[in-house]
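Report on the structure given below.
Derivation of every value follows stated rules applied to the coordinates shown; laboratory data play no part. Predicted model, so just to flag it, every value in this text is computed and none were measured. Reconstructed Cβ throughout: ideal geometry from the backbone, glycine too, with neighbour counts over all protein chains shown.
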Amino acid sequence: MEKKPKSKICKESVPMPKQKLEERIHNFNEVALGYTEEQAVAEAKRCLQCPEPKCAEGCPVDIDIQAFIKLIAERKFDEAIAKVKEKNSLPAICGRVCPQEEQCQNACVMGKVGDPVNIGRLERFVADYEMKKGAETPRKQAPTGKRVAVIGSGPAGLITAADLAKLGHEVVVFEALHKLGGVLTYGIPAFRMPKEIVQAEADYVRKLGVEIKLNALIGRLHTIPELLKNGFTAVFIGTGAGLPTFLGLPNESLGGIYSANEFLIRVNLMKSYAFPDYDTPIRVGEKVAVIGAGNVAMDSARCALRLGAKEVYIVYRRSRNEMPARAEEIENAEEEGIILKLLTNPTKFFGDEQGWVKQMECIKMRLGEPDQSGRRRPIPIESSEFIMNVDTVVIAIGRTPNPIIQRTTEGLQTTKRGTIIVDEETGQTSLEGVYAGGDIVTGEATVISAMGAGKRAARSIHDYLMNE
């Protein structure tokens, strides 16, 4: 009997279509356009369907990656999204902003002989496919009669609420702002995370029966002890890290110097890019310096470019190898004309007669031995100071938790940084029935790590409620 020839392995991944460069730098529409059906099937067929897949080990939310990709390859798109949603209620979000290249794709066996399979882009494809058709509400377990308060509607809060609702619990989400989504809404620009996608994912959570309360700042409206006295059996804290960090340099209070938090909230949540249709202008000059090199810094720089800046610099004290932003975001930024000013650290700001920033003194750096972060320590080079002419500065060097809940919840143990101390496996805080996860625990981290923490906490909360 004649053997069938083995199909040739395609070592190169299917590229993701993008908006044309000359168009995208002038709008806030999504840059990555997503796979077509043919492109998705072609990419899915690159999966080796390993007997012992490693990719799933790198997924914080435990998706059966091999199974959903096989279903895409067979053009069973409805079954594929159903398989993803067994574990992940927010796939359209994860498919866009999860750092797959460091997690599931980093473990992909195909990556040993060529490009790893684009798992995140395939997840996005099936999520967008379902959105076009209309998402079906999954079956829920019988009501348990237990009520859970979820504080914060960011990625940790939404995934916790969704998982608990599916298990039959009554869930109420308290969101301090006037829109759902947390960092997904106020922190990530529309060209990377369209707000209609966040809204659609939030609507899915609503369809599960989750009640949403907006403009509800816990710590002011109610305290956690009050929630536990008034009908809630458990509480999950997923309030993220929303307080900006500053450099502490001379003249840092000059006009035109923004924290990345303020800058991105004005752009994303308050739609300053659509002024005067939205009456929330933001002043952006011709020469913009963004301090930092994470995803928030890249987002800020690319927003500044779209708001009319002629020159935008990423000013970073280490080299390109140490930049914490996703490689894809650095690549997009450079394509769009963002200039990397590496091994450079600001030391002082200078203003004009009206109190607006006009110059920034910097010092050149060299790299020494690795520090606690594992990256090489930046060391100032003596007498290497120089002046940069700038009229806007965005400081994107990290964010810390808002302390209001910690200050109004007696007995809640926290670290010196203001993060909440929890059991890593369960998310349990020092208080019975109170759990936490995401950036409020770890400090500023990734969307998918927050979602993973939310899923672990949801399982633990369910066990606690059923064995109370």
Quiz item: So what J values fall out for segment 419-436 if you push phi through Karplus, 6.51 cos²θ - 1.76 cosθ + 1.60 with θ = phi - 60°, rounded to Hz, Gly and Pro as x?
Solution: 7, 8, 7, 9, 6, 4, 7, 10, x, 5, 8, 6, 10, 5, x, 10, 10, 8
Quiz item: Where in segment 376-428 are there trypsin sites (Lys or Arg not before Pro) that are in a DSSP coil and have at most 14 other Cβ atoms within 10 angstrom of their Cβ?
Solution: LYS416, ARG417
Quiz item: What order do you get for VAL113, VAL235, VAL126 when you list them from fewest to most C-beta neighbours inside 10 Å?
Solution: VAL113, VAL235, VAL126
Practice problem: Give the residue from GLN105, GLY120, VAL198 lying farthest towards the positive end of the charge dipole for segment 85-233; charges sit on Cβ (+1 for Lys and Arg, -1 for Asp and Glu) and the dipole is referred to the Cα centre. | Solution: VAL198
Quiz item: Ranked highest first by the average count of other Cβ atoms within 10 Å around their residues, in what order do 187-196, 378-387 fall?
Solution: 187-196, 378-387
Quiz item: When only DSSP loop residues count, what trypsin sites (Lys or Arg not before Pro) in segment 79-175 have their Cβ near at most 12 other Cβ atoms within 10 Å?
Solution: ARG139
Practice problem: Let me know the shape class of segment 24-122, please: from the alpha-carbon gyration tensor, a ≥ b ≥ c as square roots of the eigenvalues, rounded when a/c is under 1.5, otherwise prolate if a/b is greater than b/c, or oblate. | Solution: rounded
Quiz item: Given the C-alpha centroids of segment 354-425 and segment 161-223, what is the distance between them in whole angstrom?
Solution: 28
Quiz item: How many angstrom separate the Cα center of segment 59-74 from the Cα center of segment 90-147?
Solution: 8
Quiz item: What is the set of long-range amide H partners of ILE257 at a cut-off below 5 Å, with H atoms built 1.01 Å from backbone N?
Solution: VAL357, VAL393
Practice problem: With runs of 4+ DSSP H residues as the only contributors, calculate the mean residue ellipticity of the chain at 222 nm using -39,500 (n - 2.57) per run, divided by the residue total and rounded to the nearest 500. | Solution: -8500 deg cm²/dmol
Practice problem: Starting from the Cα gyration tensor of segment 157-224, take the square roots of the eigenvalues, sort them a ≥ b ≥ c, and report rounded, prolate or oblate (rounded when a/c is under 1.5, otherwise prolate if a/b is larger than b/c, else oblate). | Solution: oblate
Quiz prompt | Ranked by how many other beta carbons lie within 10 Å on average, peptides 430-441, 240-251 from highest | solution = 430-441, 240-251
Exercise. Sort segment 244-399 into rounded, prolate or oblate with this rule: let a ≥ b ≥ c be the square roots of the eigenvalues of the Cα gyration tensor; rounded if a/c is under 1.5, and if a/c is not under 1.5, prolate when a/b is larger than b/c, oblate otherwise.
Key: oblate
Practice problem: Using only C-alpha atoms and all pairs of different ones, pull out the Kirkwood radius for the chain in Å with one decimal. | Solution: 23.6
Quiz prompt | In segment 80-123, the GluC sites (Glu not before Pro) that fall in loop regions by DSSP, at most 15 other Cβ within 10 Å | solution = GLU86
